[in-house]
Amino acid sequence: MPERAEVTGRMMAHRRAVEQIKESYAALPQDTPPRLVKATTNLFRFRHGGRTAALSARDLDRVIEVDPETRTAEVQGMTTYEHLVDATLPYGLMPYVVPQLKTITLGGAVTGLGIESTSFRDGLPHESVEEMEILTGDGRVVTAREDNEHADLFWAFPNSYGTLGYALRLRIKLKPVRPYVRLTHVPFTDADKCMLAMQEICERGEYDGEPADFVDGVFFGPGELYITVGRFADRAPYVSDYTGMRIYYQSIRNRTRDWLTVRDYLWRWDTDWFWCSRAFGVQQPLVRSIVPRRWLRSDVYRKLVGLDRKYGVTARIDRWRGRPLHESVIQDVEVPVERGAEFLSFFHAKVGMTPVWMCPLKAQRDWPLYPLVPKRLYVNFGFWGMVPLPRGQFDGYHNRLIERAVHELEGHKSLYSTSFYPREEFWRLYNGDAYWPVKRAYDPGGRLLDLYEKCVRGR
């Protein structure tokens, strides 16, 4: 455990950083929406121009303290999960839910969406938060807990995407880990049977008579699906390495059993951005052999996407080659497990993108801005790529099909990427009746964009 003087020093540095960002916020032009500037982003809502005022979040990216006795951590809001995990694992602890990509920040996962293979039991990242220090839209710094005078902000903060304020510090609960994870990849040829098996594993919390600590899966096509069950272990006969030439998602099809260190398990998807690194050619053996390992990371790929979006390289090449226009379909959606096979059938017929990530989750409580039914098992389907547009259709065609299908199946869609909802439909689905009283209480002057303006209109 760190020396108390060291922890005190980090907390004092945090307080100085809080005063600095508070003063910077107050100095921004009142008629210009603030834009939080941080080192990384995992959002796929590219702004449509317009004036913004940069608000620096530097000096808010450290782990202040890990307390192994209380199993809690004090963490600044812009700290990446990579740094957070590196601070907790030496104590044999980890956050209850560690989102899949290294540079997702704790504050971003709480105000947005984070999910992983512990979510079938532990819900979403915000469900293990005990306390948040928040810079609100009206310029105050408040401490929100579920039982204090700012409880309304505590409950409304998840899925508010920086429209109510910015998380500066969070106290989160931690859970014990063991050194290794044993993986079992279970194949299926039928989506209905796969969903039934996933439901049984998650409800029972075990597979083949042994505890299930992690559960997720991959849809490679209508006749090829896999559920991966992970179990903590104290020893391993070997460990695989998917940070170099070998590619994790490909191993699912070729191996029944595998072993990883707990750290490599948590970041198994990051090296190849699930499977999206193939768009950059780095899954080709020759290319991969010459690319430095430090570049095989999700944040590098995200920067490449940003550059392509900025300069339109891919679109120009497609036009030059006479290819049809493509639509970006980058989404995560939650569908009740009993409707999961229906969604996969729709998605394969209408969109046709593979693979698709499948991650079961169960919200532990009622969170007003992301209204999943508590204790009901959903499956998160994640799909990320480009799809050719049918002749005569325009950007948004496939995304709007997906939005309609998800809600017809009693599901919900994350807002980290593009959305196309009409205003009234959006506020009905994302609980405007709960959002607006909190918005008026903590941002009465509308300094921050509201949720619709930010997540749908892309301002």
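Read-outs: derived from the displayed coordinates by stated rules, not from any lab. Quantities reported herein were computed from a predicted structural model and do not represent experimental measurements. Glycine also receives a Cβ, built like all others from the backbone with ideal geometry; neighbour counts cover every protein chain displayed.
Worth a mention:
- Counted by neighbouring Cβ atoms within 10 Å, the residues ASP122, ASP433 run from fewest to most as ASP433, ASP122.
- For the chain, relative contact order (Cα pairs under 8 Å, six or more residues apart, normalised by length) works out to 17 percent.
- Spin-label model distance (nm) - GLU408 vs GLU3, 7 Å beyond Cα toward Cβ: 6.5 nm
- Extension gain for the segment LYS173 to ARG15, taken as residue separation times 0.36 nm less the Cα-Cα distance, is 54.7 nm to one decimal.
- Given +1 at the Cβ of Lys and Arg, -1 at the Cβ of Asp and Glu and no other charges, the dipole of the chain around its Cα centre is 1800 debye to the nearest 20.
- About the Cα centre, charge dipole magnitude for the stretch 367-459 (Lys/Arg +1, Asp/Glu -1 at Cβ), debye: 140 debye
- Along its three principal directions, the equivalent ellipsoid of the stretch 4-177 from the Cα gyration tensor extends over semi-axes of 26, 19, 16 Å, largest first.
- ASP190 versus MET245: modelled label distance in nm, points set 7 Å from Cα along the beta carbon direction: 4.1 nm
- Whichever lysines have a C-alpha closer than 26 Å to that of LYS102, once near sequence neighbours (fewer than 8 apart) are set aside: LYS38, LYS173, LYS175, LYS303, LYS310, LYS362, LYS413, LYS454
- Of the residues ILE227, MET198, LEU183, the one whose Cα sits farthest towards the positive end of the charge dipole of the stretch 180-268 is LEU183 (charges of +1 on Lys and Arg Cβ, -1 on Asp and Glu Cβ, taken about the Cα centre).
- A Förster radius of 25 Å, combined with the Cβ-Cβ distance separating LEU401 from ARG440, puts the computed FRET efficiency at roughly 0.10.
- For mean projected area of the Cα convex hull in nm², calculated from these coordinates, the label among [x] 34.0; [y] 23.9; [z] 22.4: [z]
- Two-site label geometry, GLU146 and ARG278: point separation in nm, points 7 Å out along Cα→Cβ: 4.1 nm
- Relative packing of 257-266, 64-73, 126-135, which averages over residues the other C-beta atoms within 10 Å, highest first: 126-135, 257-266, 64-73
- Taking Cα centre as origin and charging only the Cβ of basic (Lys, Arg, +1) and acidic (Asp, Glu, -1) residues, the dipole magnitude of the stretch 180-268 rounds to 400 debye.
- The stretch between GLU69 and ALA27 holds 11.0 nm of extra length on full extension. This uses 0.36 nm per residue minus the Cα-Cα distance.
- Extension gain, THR261 to ARG323, is 18.0 nm, computed as 0.36 nm per intervening residue step minus the present C-alpha separation.
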